[in-house]
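First up is the structure itself, then whatever we jot down about it.
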Amino acid sequence: MARSTAAEVNFRVDTIYGLLTEGMSRGQIVHFCANQWNIDARQADNYIKRARIRLEQDADMARPAWLAEALGRLRTYEQSAYKRGQTQVALNAVQLQAKLIGFDL
């Protein structure tokens, strides 16, 4: 069997990352890997290990970075809701942004 390219490995680790975030067990992931990519449990465990490292790195985000990302998402929700005429949803997004940065409305 030919070795996987770096792009294939990254795709597989990303896929397993998603499966882990969905709550799949090791056994389910190993089964998925065998069916999708025809790889054995040992190789699946290598991918799982790499995906778990990525999960730990994502969970280790500093508070300011998390806050900035959350505020960005809320602004996107606000704008989208406003464009659809959902003014209450847009207002809720603004209020939550204010609450996150410490303003009381």
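No value in this document is a laboratory result; all are computed from the given coordinates. Computed from a prediction, not measured in an experiment: that's the story for all the values here. Ideal geometry is used to build each Cβ from the backbone, glycine not excepted, and the neighbour counts take in all protein chains shown.
Within segment 25-34, is even one residue closer than 26 Å to Ala70 by Cα and either exposed (fewer than 15 other Cβ atoms within 10 Å of the Cβ) or among the aliphatic types (A, V, I, L, M) (or both)? Among the residues of segment 25-34, not one is closer than 26 Å to Ala70 by Cα and either exposed (fewer than 15 other Cβ atoms within 10 Å of the Cβ) or among the aliphatic types (A, V, I, L, M) (or both), which makes the answer no.
Inspect segment 2-11 for any residue being in a helix (DSSP H, G or I) and surrounded by 14 or more Cβ atoms within 10 Å (Cβ to Cβ) and give the result as yes or no. Yes, that holds for at least one residue. Look at segment 25-49: where a residue is without any contact (Cβ under 8 Å) to a residue 24 or more places away in the chain and a partner is of a type in the set (Phe, Trp, Tyr) and surrounded by 14 or more Cβ atoms within 10 Å (Cβ to Cβ), sitting 6+ places away or on another chain with Cβ atoms under 7 Å, you get Cys33/Tyr47.
Among the residues of segment 72-88, write down those that are out of contact with any helix residue (DSSP H, G or I) (no Cβ under 6 Å at 6 or more places or on another chain) and either of a type in the set (D, E, K, R) or touching a residue at least 24 places away in the same chain (Cβ under 8 Å) (or both).
Arg73, Arg75, Lys83, Arg84
Only helices (runs of 4 or more DSSP H) whose full extent lies in segment 13-93 are considered here, and the ones with at least 3 residues that are under 21 Å from Arg3 (Cβ atoms) are 26-37, 41-59.
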